[in-house]
Structure formats: C-alpha cells, structure tokens
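Worksheet: one structure, shown below.
The values are calculated or read from the model by the stated rules, or taken from the named source; none is laboratory data. Keep in mind the model is a prediction, meaning the values are calculated, not measured. When we count neighbours, we look across all protein chains shown, and the Cβ atoms used for this are built from the backbone with ideal geometry, even at glycine.
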Amino acid sequence: MSSPAIATIVKMVESLPDELQEQVVEHVRAYLAEIEEEKRWDESFKRTKHNLVAAAQKAKEEIAAGMSTPMDYEQL
C-alpha cells in the first residue's frame, strides 16, 4: 500500500526522462543504504552503550589514580 508521499514521488519521477529516472533511483538507493547503515550503528551503540560508559569511567579512575601514561602517537 502506498502513502500519499510515495505517490507524489512516483509522479515526480515518472515525469522525468528514463535516463534521469535511473539516476534518481540510484540516488534513492544510496540514500536508503546510508539510512540503514546509520540505523544499524545506532542499534549497535545502544547495545554497547553501557560497556562504553563503564570503560570510560574506568579510564577516568585510572587517570585520577596515576595508573596511566600519556599515549605516544608516534608508536601507533
């Protein structure tokens, strides 16, 4: 079932020459792929947020206790 927004987009694209229609489809595919990737990232972050917060807290505690050394970026 199509929403009014989808029907509007279809009409807009149908008014274009075939070559431009193909370009629009490719742009929409790429855009939707980006949206899906962002969605997966957000879900992954939500699942691991607690672990990330705990690791940050532990690092802060180690720094405060003098148990850390500055990172040498030349050794990376």
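Under 6 Å between Cβ atoms, at least 6 apart or on separate chains: pull out the pairs that start in the range 55-76 with a residue that is closer than 27 Å to Phe45 by Cα and end on any residue that is assigned to a loop (DSSP other than H, G, I, E, B) and not aromatic (Phe, Trp, Tyr).
Taking only residues 6 or more apart or on different chains, the pairs are Glu62/Ser68.
What number of residues in the range 1-25 are surrounded by 10 or more Cβ atoms within 10 Å (Cβ to Cβ) and either in a helix (DSSP H, G or I) or in contact with a Ser or Thr (Cβ under 9 Å, 6 or more places away or on another chain) (or both)?
Summing the residues that are surrounded by 10 or more Cβ atoms within 10 Å (Cβ to Cβ) and either in a helix (DSSP H, G or I) or in contact with a Ser or Thr (Cβ under 9 Å, 6 or more places away or on another chain) (or both) in the range 1-25 gives 13.
Residues being surrounded by 10 or more Cβ atoms within 10 Å (Cβ to Cβ) and either assigned to a helix (DSSP H, G or I) or in contact with a Gly (Cβ under 6 Å, 6 or more places away or on another chain) (or both): count how many of those fall in the range 44-76.
Going through the range 44-76 one residue at a time, the tally reaches 16.
Which pairs have Cβ atoms under 8 Å, sit 6 or more apart or on different chains, and link a residue in the range 9-33 that is of a type in the set (S, T, N, Q) to one that is modelled with pLDDT of 95 or more?
Gln21/Val13; Gln21/Glu14
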